[in-house]
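Take a look at the structure set out below.
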Amino acid sequence: QVLLVESGGGLVQPGGSLRLSCAASGITFRFYAIGWYHQAPGKQREWVATISAAGRTNYADSVKGRFTISRDNAKNTVYLRINSLKPEDTAVYFCNAQLGNRDYWGKGTRVPISS
């Protein structure tokens with residue numbers, strides 16, 4: 001059974017930082033590209049960042065400079081560091097594992113930003 005479990009969400013204040021984790025099981029993790037997406041209230045899910053199996057990273061223009069994606073293959077975990085949090089970062093954050101036609105999603109972790 002493939003499981004992706006996001007964690008690290010929680011109420012934070014604008015300007016703060018947090019690190020989200022995505023722990024995977026049931027896949028050969030090191031071969032998969034892992035992406036982070038977020039879905040703000042009332043909006044569609046949007047891509048945020050991806051890290052390839054080789055460690056190459058890509059970011060949505062809207063988050064460049066504030067978000068950092070990284071992976072630890074020994075722990076089957078991908079991280080998303082978010083700095084300088086803004087109210088518009090309020091969303092549920094999901095991770096996605098992809099390899100060829102294999103595509104798996106976690107259930108998300110909520111990041112509410114207090115005002």
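General observations
- ASP72 passes every criterion in (1) surrounded by fewer than 17 Cβ atoms within 10 Å (Cβ to Cβ); (2) touching a residue at least 12 places away in the same chain (Cβ under 8 Å) apart from (2).
Every residue, every condition in (1) aliphatic (A, V, I, L, M); (2) more than 14 Å from the chain's Cα centre (by Cα), yes or no:
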{"site": "GLN44", "(1), (2)": "no, yes"}
{"site": "VAL48", "(1), (2)": "yes, no"}
{"site": "ASP61", "(1), (2)": "no, yes"}
{"site": "TYR79", "(1), (2)": "no, no"}
{"site": "GLY100", "(1), (2)": "no, yes"}
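- Just one of the listed residues (VAL78, VAL92, VAL63) is within 15 Å of ARG110 (Cβ to Cβ) and β-branched (Val, Ile, Thr), namely VAL92.
- Complete set of residues in the range 41-83 that are of a type in the set (Ser, Thr, Tyr), farther than 19 Å from THR28 by Cα and modelled with pLDDT of 95 or more: THR57, TYR59, THR68
- In the range 75-90, the residue that is most open to solvent (accessible area, probe 1.4 Å) out of those that are under 21 Å from ARG45 (Cβ atoms) and of a type in the set (D, E, K, R) is GLU88.
- Count of the range 12-31 residues which are outside any strand (DSSP E or B), surrounded by 12 or more Cβ atoms within 10 Å (Cβ to Cβ) and in contact with a Ser or Thr (Cβ under 9 Å, 6 or more places away or on another chain): 3
The values are calculated or read from the model by the stated rules, or taken from the named source; none is laboratory data. The shown structure was predicted, so the numbers you read here are calculated from the model rather than taken from an experiment. We place every Cβ from the backbone using ideal geometry, glycine too, and count neighbours over all the protein chains shown. All accessible areas refer to the heavy atoms of the entire protein, side chains included, with ligands and DNA or RNA removed. Shrake-Rupley method; radii C 1.70, N 1.55, O 1.52, S 1.80 Å.
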